[in-house]
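Taking it in order: structure first as structure tokens, then the write-up.
Bear in mind that the values in this text are calculations on the coordinates, not laboratory data. The structure presented is a predicted model; accordingly, all values stated were derived computationally and were not measured. No Cβ is skipped: glycine too gets one built from the backbone with ideal geometry, and neighbour counts run over all protein chains shown.
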Amino acid sequence: MNFVSRHYDAQYFSRVMAPLMRDDEYYQLKSVCAAVTYFGRFPRPYGRILEYGCGIGQNIANLEGAVGYDISAAATLECQRRGVATIARRDDIPRQHFDYVLCRHVLEHVEQPLALVQELLGYLRDEGRLILVVPQERHRPASFDPDVNRHLYCWNFRTINNLIWSAGGVSVFNRVEPMFGRRIHLPLQPLRRMCGISAYLRLARAAGWLMNEPELVVHCRKRGAETVPTT
């Protein structure tokens with residue numbers, strides 16, 4: 001059992017994901033925001049989607065045809081409880097099968113990020129798109145003891161584009177996006193009920209920028225494959 005398997009257990013999810021697990025409205029709003037942020041640039045229908053490192057499924061819960069995989073058995077059980085399709089074993093993920101692979105806030109946790117990106121590219125059809133999302137880390141004083149998230153690496157667009165190239169891919173899109181955490185969602189939930197989801201998404205996005213909680217979104221494809229429109 002490696003570091004990732006040991007650390008990201010039921011206790012981790014009960015600490016870090018507790019608000020999402022308790023609050024169904026918050027979970028659904030996160031799902032809507034994720035679908036718009038990560039897939040809103042692509043034409044529907046999206047086709048086959050894999051989220052690698054899906055956690056409790058909040059990023060793909062509203063995406064038809066999506067399936068998740070997570071190393072944590074506790075996370076997989078929570079996905080199943082919510083009706084999110086999952087693949088239980090990593091070895092059972094079909095290769096050269098998916099139109100999109102989403103990997104959000106995973107790359108900073110793993111011990112061998114290059115090997116992971118090579119693996120993720122292998123799950124794509126030749127014309128498929130890999131969507132990598134990582135937090136934009138802040139450089140500031142830190143304690144000498146490990147924190148609960150245990151990030152092993154941090155990224156900028158230069159280093160992640162180099163990583164993708166080394167893995168046999170090529171980046172086609174780099175963008176900074178706001179993260180939609182609980183501090184944004186909770187105050188805006190009453191507005192969502194009054195104004196509807198479109199107005200809510202605009203307000204949540206603006207609040208995300210004001211609260212300075214960015215993440216890096218990178219789209220890439222297999223190098224040498226047929227070019228996918230970079231809309």
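Of all DSSP beta bridges in the chain, what percent run antiparallel (nearest 5)?
Within the chain, antiparallel bridges account for around 50 percent of the total.
State the dimensionless ratio Rg/Rh of the chain (Rg: radius of gyration of Cα atoms; Rh: Kirkwood radius).
0.94
Starting from the amide H of ARG129, placed 1.01 Å from N in the peptide plane, find each other amide H under 5 Å away whose residue is 5 or more places distant or on another chain.
TYR100, VAL101
If you stretched the chain out fully between CYS154 and GLU127, how much longer would it get, using 0.36 nm times the residue separation minus the C-alpha to C-alpha distance?
6.9 nm
How would you rank 62-69, 98-105, highest first, on the average number of other Cβ atoms within 10 Å across their residues?
98-105, 62-69
Give me PHE180, PHE39, PHE157 sorted ascending by neighbouring Cβ count inside 10 Å, so fewest comes first.
Ranked by crowding around the Cβ, least crowded first: PHE157, PHE39, PHE180.
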